[in-house]
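Some notes on the structure that comes next.
Since every read-out is calculated from the coordinates, none of them should be taken as a lab result. None of the values given here were measured: they were computed from a predicted structure. Reconstructed Cβ throughout: ideal geometry from the backbone, glycine too, with neighbour counts over all protein chains shown.
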Amino acid sequence: MYHILFLALKFLVERKRQTFVSIFGVGIGVAAFIVMASLMNGFQKYFVEQAIDLNAHITLKTKPEDIPDRILKIYFGDKIIPVILGSKPPEKKDKITDYKFIIEKYSNNPDILGVAPHLVSQGILKYGTVEKSGSLIGIDPNLERKASVIDKFIENKRLDVLLADENSIIIGKLLAKDLGIYETGKKVILTTPNGNTHLFKVVDFFNSGITNLDQTRVYLNLRTLQTMLQRPNEVNELIFKIKDVNKAERLARLISQETGYYTESWQFAYKNFLQLFKIQNYITYMIVFAILIVSAFGIFNIIMMTVMEKKKDIAILKTVGYEDDEIIKIFTFQGVIIGFFGYIIGAILGYSIQEWLSSLKIDVEGLIRAKGFILDRSILYFVYGFVFSMFFSILASFYPSYKASKLNPVDIFRSGG
Amino acid sequence: MMEIIKVENINKFIANEHILKNINLSVKRGEFIGIIGPSGSGKSTLLYILGLLDQPTDGKVFVENQEINFKDKKRISEIRNKKFGFVFQFHYLINELTALENVMVPMLKSGVEKSVAVDIAIKNLKKLGLGKKQYRRPYELSGGEQQRVSIARALSNNPLVIIADEPTGNLDSKNTEIVMEIFENLNKEGKTIIMVTHEIDLAERTQRIIKLKDGEIMEDVKKI
């Protein structure tokens with residue numbers, strides 16, 4: 001093996017410039033992969049974790065009504081475009097009648113950590129002259145704690161005030177900002193869809209980091225909201241916290257079968273985002289793949305050029321006894337060496353960029369809000385980077401190496417070398 | 001004397017042209033053979049077949065009384081590495097390597113330890129008058145010196161036979177004389193040499209002259 005490595009290194013070192021460019025090309029590809037993967041997955045994991053924490057693992061609701069176009073599609077298939085004129089939404093209350101029984105039943109289930117009732121509605125909040133709409137959620141703080149991690153997102157941990165003071169309210173941090181509220185203790189007027197109004201004191205802020213939620217969410221005491229909406233003892237949603245979040249879909253189906261209500265797992269609730277992330281992953285990995293392909297062509301070029309220029313040397317090596325597979329190894333090793341050092345440079349570069357990005361304290365505002373970039377700094381990306389760089393390097397150098405091994409020394413000698 | 005290489009009824013066609021016609025030849029240990037003939041007579045083709053670089057279209061080749069199976073490439077590579085040493089008209093030295101490293105190349109392939117290979121290479125280079133130029137690259141040496149490095153490389157695995165294809169074809173008369181003296185001395189030490197040349201006076205310095213014409217052996221003369 002020494003004689004193969006010896007010659008591979010000698011051939012490579014002689015072409016310092018081209019070798020460096022190829023190594024750098026692989027390095028850029030590896031660094032791009034590490035940084036993009038950690039950024040993308042960091043964001044996605046953060047989002048999913050927050051989504052899992054914030055939105056119940058399983059939500060139980062009343063069954064959505066079959067709307068007329070869905071009925072038409074049952075008979076005529078998905079290929080029709082139904083146009084229904086004059087259809088009126090059904091007047092049916094989204095009421096879960098036996099919710100206390102359901103809570104009791106599933107509270108003892110070993111797979112379920114907690115169940116909490118919600119009364120969900122819409123409302124208008126008014127502070128001074130500013131009016132903003134919000135998603136009202138009436139909660140029982142004690143049960144809510146068991147079924148979610150709401151405390152994690154309540155800035156001053158004053159959730160219990162909702163129990164003690166029925167005129168208290170917790171609003172989203174961005175909603176508060178939109179209303180012009182920057183501190184607790186301010187009074188807001190809440191108007192519900194049935195026209196009732198009530199004065200509330202803002203006792204805390206809900207700050208999840210997910211822009212959409214922080215801009216709309218309003219928590220208040222379940223009983224207070226029931227009174228305002230004139231729906232005593234009614235809830236329209238139950239949330240479940242389960243031990244293993246990956247079992248959410250299966251458990252949701254089971255609960256639906258047992259209760260007859262419609263259930264939704266967190267995966268279903270966020271399926272649009274999860275689908276979006278999949279597409280985002282495809283695009284990112286395609287870009288990284290393209291960078292690595294370009295690097296591979298760089299390696300292919302340098303090895304192919306070496307083979308073309310080294311025909312005489314290959315001829316003499318074969319003459320003195322080097323076998324075809326040894327010739328392949330000599331040239332493939334050059335690719336492997338480029339790939340390896342490319343990986344080292346790429347890993348160092350990728351790590352440095354990760355360090356730099358994580359040190360930045362800029363406000364990131366979008367789907368999520370954060371101070372700086374959220375990175376998933378898994379060692380796995382470095383492992384994958386190594387595998388990819390070696391795979392592409394071997395792939396790119398194999399064909400020229402194979403061509404080299406098939407050179408006939410007699411042809412070279414006859415042509416006068 | 002023991003037969004080192006023997007060919008029986010070999011023919012070689014290249015692109016429908018009959019290059020070698022029913023050649024029978026036996027090379028014995030310690031011989032210094034000069035193969036001579038006009039251009040296109042098939043002398044280099046015969047040499048390549050004797051050196052197992054090329055295979056005959058038909059006929060048999062024996063090395064140390066064992067028939068060569070040209071499909072067994074591993075065995076052929078091993079024979080070329082351990083039993084044959086090659087010298088060509090052009091030196092075919094690897095420019096990225098020093099003279100010393102070039103001489104080491106066949107030894108490293110045959111598994112000789114690096115330190116041993118270095119010692120042998122230095123000894124061979126000194127023997128050929130290149131002791132002080134062992135760390136020079138081929139392009140830093142004269143034509144004659146380059147050819148001497150390639151002879152040192154041919155000697156590195158202490159081969160049974162040295163196969164030389166026009167080894168002086170690219171050299172001036174002074175270097176030609178040096179190379180011929182090296183061959184004569186090697187032959188005196190017992191080394192078998194097969195040399196192709198088109199210069200009759202060089203062939204005259206060998207012990208056995210094989211004259212080829214149109215792919216056939218016209219004369220096979222041994223000096224007493």
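Worth a mention:
- Charge tally in the Cβ shell below 11 Å around B:His18, where Lys, Arg are +1 and Asp, Glu are -1, B:His18 excluded: -1
- Karplus-derived HN-Hα couplings along region A:380-394 (A = 6.51, B = -1.76, C = 1.60, θ = phi - 60°), whole Hz, x at Gly and Pro: 4, 5, 6, 5, 4, x, 5, 4, 4, 5, 5, 4, 5, 5, 5
- Computed from phi, the 3J(HN,Hα) profile of region A:37-45 under the Karplus parametrisation 6.51, -1.76, 1.60 (θ = phi - 60°) reads 5, 6, 5, 5, 6, x, 4, 5, 4 Hz, with x in place of Gly and Pro.
- Look at the stretch B:86-97: the mean tally of other chain Cβ atoms within 10 Å of its residues' Cβ atoms is 6.
- Counting Cα-Cα pairs of region A:99-264 in 10 Å increments starting at 0 gives whole-percent bin shares of 10, 39, 33, 15, 3.
- Rounded if a/c under 1.5, otherwise prolate or oblate - region B:1-94, Cα gyration tensor axes: rounded
- Cα-Cα P(r), chain A, percent of pairs per 10 Å interval: 4, 16, 19, 17, 13, 11, 9, 7, 3, 1, 0
- Residues B:Tyr139, A:Tyr402, arranged from fewest to most other Cβ atoms within 10 angstrom of their Cβ, appear as B:Tyr139, A:Tyr402.
- Take every DSSP beta bridge whose two residues both sit in region A:99-264; close to 75 percent of them are antiparallel.
- Cα centroid separation, region B:164-224 to region A:160-205 (Å): 108
- By the beta-carbon count within 10 Å of each Cβ, the least crowded to most crowded order of B:Met104, A:Met40, A:Met228, fewest first, is A:Met40, A:Met228, B:Met104.
- Shape of region B:67-224, Cα gyration tensor, a/c cut at 1.5: oblate
- The trypsin sites (Lys or Arg not before Pro) of region B:1-57 that DSSP puts in a loop, and whose beta carbon has at most 16 other beta carbons within 10 Å, are B:Arg29.
- Residue by residue along A:308-321, Cβ atoms of other protein chains within 10 Å of the local Cβ number 6 on average.
- Per-residue Cβ neighbour rank within 10 angstrom, fewest leading, A:Met1, A:Met390: A:Met1, A:Met390
- Gain on full extension, evaluated as 0.36 nm per residue between A:Ile293 and A:Tyr351 minus their Cα-Cα distance, stands at 18.7 nm.
- Relative to the current alpha-carbon distance between A:Asp325 and A:Thr227, full extension at 0.36 nm per residue lengthens the span by 26.9 nm.
- In Hz, Karplus ³J(HN,Hα) per residue of region B:132-147 (6.51, -1.76, 1.60; θ = phi - 60°; x = Gly, Pro): 8, 10, 5, 9, 7, 7, x, 6, 9, 10, 6, x, x, 5, 4, 5
- Site pair A:Ser359 and B:Asp220 shows an inter-label distance of 8.2 nm when each label is modelled 7 Å from Cα along Cα→Cβ.
- Shape of region A:159-257, Cα gyration tensor, a/c cut at 1.5: oblate
- Hypothetical label at A:Lys45: residues of region A:239-258 whose amide nitrogen lies under 20 Å (7 Å Cα-Cβ projection): A:244-247
- Rough spin-label spacing in nm, given labels placed 7 Å along Cα→Cβ, for A:Lys146 and B:Lys188: 10.8
- For the segment B:154-161, counting C-beta atoms of other chains within 10 Å of every residue's C-beta and taking the mean gives 1.
- With Cα atoms, 0 to 90° folded angle of helix A:2-13 axis to chain A main axis: 80
- Potential lengthening of the chain between B:Lys126 and B:Lys174 amounts to 15.4 nm, from the contour at 0.36 nm per residue minus the alpha-carbon distance.
- Sites B:Phe70 and A:Tyr285, calculated FRET efficiency, Cβ-Cβ separation with R0 45 Å, nearest 0.05: 0.40
- Projecting label points 7 angstrom from Cα along Cα→Cβ for A:Tyr182 and A:Asp411 puts them 8.0 nm apart.
- Cut-off 12 Å between beta-carbons: net charge of the residues surrounding B:Glu31, Lys and Arg +1, Asp and Glu -1: +4
- Estimated FRET transfer efficiency (B:Ser39, B:Gln207; beta-carbon r; R0 35 Å; 0.05): 0.90
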